[in-house]
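The values are calculated or read from the model by the stated rules, or taken from the named source; none is laboratory data. Note that the structure is a prediction, hence the values are computed from the model and not measured. Cβ placement follows ideal geometry from the backbone for every residue including glycine, while neighbour counts extend to all protein chains displayed. Keep in mind that these areas ignore ligands, DNA and RNA; they rest on the heavy atoms of the full protein, side chains included. Shrake-Rupley method; radii C 1.70, N 1.55, O 1.52, S 1.80 Å.
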Amino acid sequence: MIWNETIECMEREEMRKLQDIRLKRIVAYAYHNTPFYRKRMQETGLTPGDIASVEDISKLPFTVKQDLRDNYPFGLMAVAMSEIVRLHASSGTTGKPIVVGYTRKDLGIWNETVARCLYAAGVTRNDSVQVSYGYGLFTGGLGLHGGVETIGGTVIPMSSGNTQKQIQLMHDFGANALACTPSYALFLGETIRESGLPREEFKLRVGMFGAEPWTENMRKEIEELLGIKAYDIYGLTEIIGPGVGCECECQHGTHLWEDHFFPEILDPQTLQPVTPGVTGELVFTTLTKEGMPMIRYRTRDLTALHYEKCPCGRTAVRMDRILGRSDDMLIIRGVNVFPSQVESVILEMPEFEPHYLIEVDRLNNLDTFLIRVEVRPEYYSDEINKLLALKKKITLRMQSVIGIQPEVKLVEPRSLERSLGKAKHVIDNRQLV
Ligand code: ADP
Ligand code: ZN
């Protein structure tokens, strides 16, 4: 099922032409309406006339999160505040929140792109969707909400938290789809398992999970736990919120809605474009947004793009799973470590629950690297030898995947804190001087 076939299945050449026209327009618009962009372009000796097509995009200066902070709260708006009908702010995973503003037209674009996501995941007007992303300044709740209304589905606006009530209403209302973070989906799944409510009495079929990195192994875990198909949905506040892209039924890559959000992948060191298929930093230019256009916004998310047509019929570019943010990457004893690598190892081993916490510190100038991981009840033993053998097994596996040896601490089932929104997997206590 395809929400907007004309766009989602457009031939690449035609899409390029549309992007050319829209890029030219948005650059001129940003130049004339946002002093910040005008100044940036003037500093590099650029005028809007220098941008004739997407080929010219690399001439444009980048925008980074710090620019949004420096212009807090409304300095990057391209319209008068009387045109702004909604404000949102990022959840501030990595520092002080940043604020974004939407015009009525922007909300329409957002609804459209989330509608495409829902259809890609097989959700239609006949479905009810439990939205368990947080409502409020965070874009997750209201973003999904608007999309479900747009396709004519039934929204169940639960927001996050109150987990017992979540599963009771999911059961009673017969929600067909669930939207939340993957870590919260796990928690909901565990709670259902423990509640005694028979899984057959749930009507859940589809999950749309995002807002934080997760792995293929985590997908399998959630799909089994909840008995659903789980789709990856991607987005960020600066660009619009959730719904910048989503997986289709093929579950091999996130289709990005590139008629609105033009993606580039750059080598994070040189900032030069990489060959399609190679991993680098994702950079977006919003092609249509009025309230707060973003020109070459550096997301810090690491991924790769694939331009071959998808078996689902869509030509919209496909993005690999986000490996992590470049600022999530830990450098431990000189080795690059992504929390997603740790997650992947834990989830491929049946003995462990998908819950873990990485703690890094520095002792006598040497990095310490501790991973706490929950053992499943059926493997949690009183026999010290069994636990030691298990610990050895996971330590060796971690070492072979990550390249350095962590200290692994096996903890009791249910002892690590569960997350209602974005999970916190890393505590880095190193004081770098
Ligand atoms: P914050 O920056 O405060 O976390 P956002 O809610 O805007 O606020 O977070 C957007 C970020 O969340 C993205 O840049 C990305 O790092 C992460 N993210 C969102 N969706 C996904 C996803 N499906 N997979 C991996 N990471 C995701
Ligand atoms: Zn597809």
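For this structure, a couple of remarks:
- Prolate/oblate/rounded call for the stretch 1-154, Cα gyration tensor, a/c under 1.5 rounded: oblate
- DSSP bridge pairs, the stretch 183-297: antiparallel proportion in percent, nearest 5: 75
- Other residues lying with their Cβ under 9 Å from the Cβ of V206 contribute a combined charge of +1, Lys and Arg counting +1, Asp and Glu -1.
- Around G153: net Lys/Arg minus Asp/Glu count, Cβ-Cβ under 9 Å: -1
- Long pairs among K391/K424; K65/K220; K105/K203; K96/K424, criterion Cα-Cα beyond 26 Å: K65/K220; K105/K203
- Antiparallel DSSP beta bridges within the chain, percent to nearest 5: 65
- When the solvent-accessible area of the stretch 330-432 is split by element, carbon and sulfur atoms take up 50 percent of it, the probe being 1.4 Å.
- Protein accessible area in the stretch 177-326, 1.4 Å probe - carbon and sulfur %: 51
- Cut-off 15 Å between beta-carbons: net charge of the residues surrounding K17, Lys and Arg +1, Asp and Glu -1: -3
- Take the convex hull of the alpha carbons in the stretch 57-132; its mean projected area over all directions comes to 7.7 nm².
- The modelled label-to-label distance between T275 and A80, using points 7 Å beyond Cα along the C-beta direction, is 5.3 nm.
- 3J(HN,Hα) couplings calculated from phi for the stretch 381-398 with the Karplus curve 6.51 cos²θ - 1.76 cosθ + 1.60 (θ = phi - 60°) are, in sequence order, 10, 7, 7, 4, 4, 5, 5, 5, 5, 5, 4, 5, 4, 6, 4, 5, 5, 4 Hz; Gly and Pro show x.
- In the elastic network of the chain, a GNM with C-alpha springs shorter than 10 Å, the most mobile of E247, E216, E55 is E55.
- Those lysines that a straight Cα-Cα span of less than 17 Å connects to K392, excepting residues fewer than 8 apart in one chain: K409
- Sequence-distant residues sharing a close amide H with K409 (under 5 Å, placed H): I371, R372, V373
- Expressed as a whole percent, the accessible surface of the stretch 20-153 that belongs to carbon and sulfur atoms is 52, based on a 1.4 Å probe.
- Per residue, in Å², the accessible surface of the chain once ligands and nucleic acids are set aside, probe 1.4 Å: 43
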